[in-house]
Each structure stands twice: as structure tokens, then as C-alpha cells.
Amino acid sequence: MTQTASGFPDRKAGFAHLRALAERPGGRVITRLFAADPNRAARFTLRLDDLSLDVSKSAIDDTALDALFALAQTADLEGFRRRLFAGEPLNETEHRAAMHMALRAPRGAGLKAVMAGGTEDATVFAANERDKMERFVRGVHAGQQRGATGERFTDVLTIGIGGSDLGPRVATEALTIGRSDQAMNAHFLSNVDGHAFQEVTRGLDPARTLVLVASKTFTTLETSMNAAAARAWIVGALGDAAVAKHFAALSTNLKAVAAFGMNPDRVFAFQDWVGGRYSLWSPVGLVIPLAVGWDKFQRMLDGAWAMDQHFRDAPLRQNLPVMLGLVGIWNVNALGCATQCILAYDDRLRRLPAHLQQLEMESNGKHVMLSGQPVGWDTCPILFGEPGTNAQHSFMQLVHQGTRPVPVDFILAAAADHSRPEAHRALAANAFAQAEALMVGRPEAAIRADMQAHGASPAEIDAIAPHRVAVGERPSNTILFKHLDPFSLGRLIALYEHKVAVQGCLWGIDSFDQWGVELGKQLANGILPELTPGAARGSHDGSTTALIERFLALRGDS
Ligand code: F6P
């Protein structure tokens, strides 16, 4: 046994110990844990106000939990948390802090970020920019900021990709779907696929459309090309001078923004201590208050800040992001699960899995430690998800009966914002039933008895019963809260942000960089000029060369 009161000698020993614990006889049998502890549901549920995180249906017991906390100690999670909130450059490969919490903290919170030129009061920087955003949003809504023809803006088109799209899109959808009280209609353009531009601008009136170009770097190919197309669309309809009135930029790269010809009053800045996938709280999220109103946006920030304070201050054992992160580590590193399913039983959260895919997989999809040495353990699982109940009628078959366990996070609000309580009860019944079915399964004996009671012949029973067996003992967590509103939405997204940080700390990796996406971008930039008729061909592998030639031939361009 290598675990001691102060943790393990190193992470490797910790992860080996977790694997050994999972192999204990009965170590994965969740139903047995419930049978042994009538108080299990309460003991393995953490609360923050109306928000509860129930991890009791995960295959985890006190011994496993102790080992996970020992590993957290080995990884100095408490020191990491202190350094995160102190604004230290935890993003070591880019020499940057990860201070997105300052975007939702009140002006006086005093969160600092260590930057190249010294230390900045990040909350003051963020609050100043937030004030500017608020003035702009209120001005647009009041009709003080109008388009080139003097018409009021009714629509906002946000152009951005990745973190400059997914977070703002999730939040806007969550707060507008099913409602008729939004201040403006929000539209999103991310893909460089021309069909997307064509589709999003179809039916939009340029004279009443405000265009936001959201890009941290302002160099992303997709966003640059889409912004240029939108510019041509506005200029074509309203003339060159309209650009100043119809565009706003949300970026850290003020030089590139100026080169685009942006009106300086319409530039909303943030600093490099905000990672792309954490930027919905920054000016990148400007579409959110434009669509739902400033006060709701502020409530969303307040919700996230409530989670920040909880993560920063609560003891590790009562800390929701810590618990969510540790249970995830158990699933990956002890049980060997390679995937994680996100099932929000709320249609308004239909893009949440996409946002969490970027948040988790871009952050923690890493193969080397901060030291540059290969990690000796698995890191981020593959995330996927759909809204419940739709998922039940597509991929949940595999989750119930496939050969590999897939841990699930169920997410549900107790109250709905529509007038069909029976529909919400049906939604909730399905969420609870799925989690229960995953855990308790259905043994062959029960199926045989049931088939017999329904008059099936012994031969029929022998043939069919094995196919109906659900082995059960499949882990899940349930996140339940009162109502999906701006505050609870902010809190929920921040919960996952901090979960990612916790896991990155335990895995010993840099959760805040994303070097893996660079190579593809570079190669695409090289291939792009080769796709024009008659262009010189670069040197590629045989398959890529053949595909380029075939593409040109099919287009009649070769
Ligand atoms: O390619 C990945 C990425 O760099 C993400 O990290 C980021 O959210 C996205 O591209 C968009 O980047 P930007 O906001 O700089 O346009």
C-alpha cells in the first residue's frame, strides 16, 4: 500500500493504487455499495444552495474516495487552486494566467493576473470593459445605436468559432429557447462552409443587423473569411460607410481589429489571461446580453462567480467541482472508461455537450505533463451527448448494453418555464429512470420469469432472454437544480470549468493551452492555395496528393 496520510510518493503510484482498488472483489458493484450503506445517497451528494451533485451512482466508496483525495494531495490541488486564483501563469506553455474568474467577479474582488509586463488587477480591467459593454447594449436596446439607414437593430449576427462561438451560443440558446421576451434575435456563424453563411444571412435584413466579430486572436481563418463575407454583404447593401455602424469586434488583438476598419468605439477588449473556451464571460459573450438583456447577463456572471467562490473556498471534500473531477478521474484511471456522456434533460441546453467537448477535450486532451514527459496514465475521456430524452432513442442502447461502460452526467432542472407540467414530469421521470436502469440493470432470471409469466415457450425464453439482459452497475452522476435561469446556467458552466482544472491538476498537464490544433491549421494554410486551378502542388503523402487531384478533377479544375 503506497498511500500515506500526505498522499502518494508520486502520481504514478497514485494512479496504480486507484487501478488496484478498482480490482478489489466487488469494487465496481454499485448496487452492493447501496445495500451496505442505507445512507449512501445522502453521503455521496454534495450541495450548493439548490444545486446538488449526486455521485452515489458512481462505483466509488470511502476507500476509493480517500485514495482520490490522497492523489489530490500528491498533486497539490490546494496549492494549484491558490495559484489559479492568485493569477499565476498556470498556462506554462504560453506563460499566461487563467483568470476567467475575474470576468464575473465584482469590481472590488481584487483578482490579479500575472502578465508579461507585471501584475494587473484583472477584475478592474474586466469591470471597465463590462461597463462599456453595458452602455453599448443598453444603447442598442434603447435605439440610440442604430444602423446606417437609421433603423433599429433587431438582429445580431455573431461570427466566431470554437470558444468564440460555443459558449455564447449555449448561453444564448439556454436563455431564449421557448421564450418570446428576447431583446434581439441572435444568429451564429462559425463554419467556413459557405452554405452556413448563405443559410444564416437568408432572410436577414442588413439594415437591421448588427454583426459581431468574435475572435481572441483575430487571425482565425474561418472567422476572418466569414467576417470578410459579412462585410461584403453589409457594404453591398448599405455602402462602405455602414461598416462603422454595423460591426463590432471582440478580441485581444487590437491591431488586427483596427486593420479591419472597426470603429474604435465598437471594439471590446479582453486580455490573454482569458482562454478561448472560457471567453463567453468576456466581450466574446456580447451576443448574450444583446439577446436577453443586460440584467440577465449580469445574473449569469453572478452565478458563475458564486461557483468560483465555492470552488476557491469550500473544503475539498465538500467542493462540487472537486468531487465531479475526482469521480471523473476514478472512471478514467481506475475503471478504464474512455468516454463520458453528457445528458442534459433540457432542450435549451442542446449545445451544452458541444461546449463541454471543447472545454474538456481541448483543455485536457494532452499526452505530456507540464515537465514535457509523457503522462503515464490516461487523460481526458471522449465526451459526447444529446438532450434527453432524444438520446434514449439513439445511442443509449450502447450505454445500457454495449461492451464498455460509459459514465453519464444527467443534468436536470426541477422547474420548467412552460405551461405543461406533465411534460416536465415525463422528462424528469425519464432522466431518473435512465440513471436507475444503468445502475440496477435487469438480470436474466427476472427476464426469464417475466417471459414465462407472459406465456413464452422455454425455447423462446432460451433464445431471447440473453438479449434482454442489462448488466447494470454502470456509473452516472446527477446534477439537479431548481430552475434553469441565468444564475443557475452561469453556475453550471463554471462547475464544469473548475472540474476541468481539477482534473488537469491531478493529471499534471497544462489544461489551458491547445497546441494540438495548430498543425492542422498550418497544413490547411499550405493546401489552400493548391486548390485553385493550375496552382503548383506542394509535397504531401500519397493519399493527400491523390485526394487533392481527385477534388480538382471532380470540380473540373484540374
Ligand atoms: O483552433 C482552436 C482555437 O484556437 C480555440 O482554442 C479557440 O476557441 C478557437 O480556435 C477560435 O480562436 P479565436 O477566438 O482566436 O478566433
**Complete:** Summing -39500 (n - 2.57) over every DSSP H run of at least 4 in the chain, dividing by its residue total and rounding to the nearest 500, the 222 nm mean residue ellipticity is -13500 deg cm²/dmol
**Asked** Whose amide H sits under 5 Å from the amide H of residue 183, counting only residues 5 or more places off or on another chain, with H placed in the peptide plane?
**Response** 292, 293
**Message:** For the chain, what are Rg and Dmax over the alpha carbons, in angstrom?
**Reply:** 25.6, 82
**Request:** Please report, in Å, the Rg and the Dmax of the range 308-439, where both are computed over Cα atoms only.
**Result:** 16.6, 56
**Message:** Suppose every Lys and Arg Cβ carries +1 and every Asp and Glu Cβ carries -1, with no other charges. What dipole size does the range 375-528 come out with about its Cα centre, to the nearest 20 debye?
**Reply:** 200 debye
**Message:** So, R0 is 51 Å and r is the distance between the beta-carbons of residue 92 and residue 463; what FRET efficiency does that work out to, to 0.05?
**Reply:** 0.30
**Request:** Quick one: which residues, 5 or more positions from residue 7 or on another chain, have an amide H under 5 Å from its amide H? H modelled 1.01 Å from N in the peptide plane, none for Pro or chain starts.
**Result:** none
**Complete:** Restricting to Cα pairs under 8 Å and 6 or more apart, the percent relative contact order of the range 400-524 works out to 36 percent
**Item:** Per residue accessible area in Å² of the chain, where ligands, DNA and RNA are left out and the probe is 1.4 Å
**Value:** 42 Å²
**Asked** Over the C-alpha atoms of the range 445-547, what are the Rg and the largest Cα-to-Cα span, Dmax, in Å?
**Response** 27.7, 74
**Item:** J(HN,Hα) series, the range 353-367, from Karplus relation 6.51 cos²θ - 1.76 cosθ + 1.60, nearest Hz, glycine and proline x
**Value:** x, 5, 5, 5, 4, 5, 4, 7, 6, 6, 6, 10, x, 10, 10
**Equivalent ellipsoid semi-axes, the range 248-317, via Cα gyration tensor eigenvalues times 5, rooted, Å** = 29, 16, 7
**Prompt:** Ordered by residue, what ³J(HN,Hα) values in Hz, to whole numbers, does the range 183-191 give under the Karplus form 6.51 cos²θ - 1.76 cosθ + 1.60, where θ = phi - 60° and Gly and Pro are x?
**Reply:** 6, 9, 7, 9, 10, 10, 10, 10, 5
**Prompt:** Taking only Cα atoms, what is the 0 to 90° angle, nearest 10, from helix 444-453's long axis to the longest principal axis of the chain?
**Reply:** 80 degrees
**Given charges at beta-carbon only (K, R positive; D, E negative), |dipole| of the chain in Debye** = 520 debye
**Message:** As a quick test, which of the pairs 12/366; 216/499; 132/245; 112/216 have an alpha carbon distance above 18 angstrom in this structure?
**Reply:** 216/499; 112/216
**Prompt:** So what's the angle, to the nearest 10 degrees on a 0 to 90 scale, between helix 458-468 and the longest Cα principal axis of the chain?
**Reply:** 40 degrees
**Request:** Tally the DSSP beta bridges in the range 122-298 and give the antiparallel ones as a percent, rounded to 5.
**Result:** 5 percent
**DSSP-defined beta bridges in the chain - what % are antiparallel, rounded to 5** = 35 percent
**Fill in**
In this structure, the FRET efficiency calculated for residue 263 and residue 107 from their beta-carbon separation, with R0 = 35 Å, to the nearest 0.05, is 0.85
**Asked** From the Cα gyration tensor of the range 1-148, with a ≥ b ≥ c the square roots of its eigenvalues, which class applies: rounded if a/c is under 1.5, or else prolate if a/b is larger than b/c, or else oblate?
**Response** oblate
**Request:** Run the quick spin-label model on residue 199 and residue 154: label points 7 Å from Cα toward the beta carbon, then report their separation in nm to one decimal.
**Result:** 2.3 nm
**Fill in**
Ranking 172, 105, 364 by how far each Cα lies towards the positive end of the charge dipole of the chain (+1 on Lys and Arg Cβ, -1 on Asp and Glu Cβ), the top one is 105
**Prolate/oblate/rounded call for the range 396-502, Cα gyration tensor, a/c under 1.5 rounded** = oblate
**Prompt:** Running Debye on the range 516-555 with equal point scatterers at the Cα sites and no solvent, what base-10 log of I(q)/I(0) appears at q = 0.18, 0.22, 0.32 Å⁻¹?
**Reply:** -0.50, -0.72, -1.18
**Asked** If you plug each phi of the range 497-503 into the Karplus form 6.51 cos²θ - 1.76 cosθ + 1.60 with θ = phi - 60°, what whole-Hz ³J(HN,Hα) values come out, in order, with x for Gly and Pro?
**Response** 4, 6, 4, 4, 5, 4, 5
**Request:** Return the distance in nm (one decimal) between the two label points of a simple spin-label model at residue 444 and residue 401, each offset 7 Å from Cα along Cα→Cβ.
**Result:** 1.5 nm
**Other-chain or far-sequence residues with amide H under 5 Å of residue 346's (modelled H)** = 388
**Request:** Give me the percent of Cα-Cα pairs in the range 122-298 that sit more than 27 Å apart, rounded to a whole number.
**Result:** 16 percent
**Fill in**
So, over other residues within a Cβ distance under 15 Å of residue 472, counting Lys, Arg +1 and Asp, Glu -1, the net charge is +4
**Complete:** So the FRET efficiency between residue 378 and residue 537, C-beta based with R0 = 45 Å and rounded to 0.05, is 0.70
**Fill in**
The farthest towards the positive end of the charge dipole of the chain, of the residues 248, 141, 412, given +1 on Cβ of Lys and Arg and -1 on Cβ of Asp and Glu, is 141
**Message:** With +1 assigned to the C-beta of every Lys and Arg and -1 to the C-beta of every Asp and Glu, and no other charges, what is the dipole magnitude of the range 516-555 about the Cα centre in debye, to the nearest 20?
**Reply:** 120 debye
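The values are calculated or read from the model by the stated rules, or taken from the named source; none is laboratory data. Keep in mind it's a predicted model, so treat the numbers as computed, not measured. Here Cβ is always computed from backbone atoms with ideal geometry, including for glycine, and neighbour counts include all displayed protein chains. Calculation scope for accessible area: heavy atoms of the full protein, side chains included, ligands and nucleic acids excluded. Shrake-Rupley method; radii C 1.70, N 1.55, O 1.52, S 1.80 Å.
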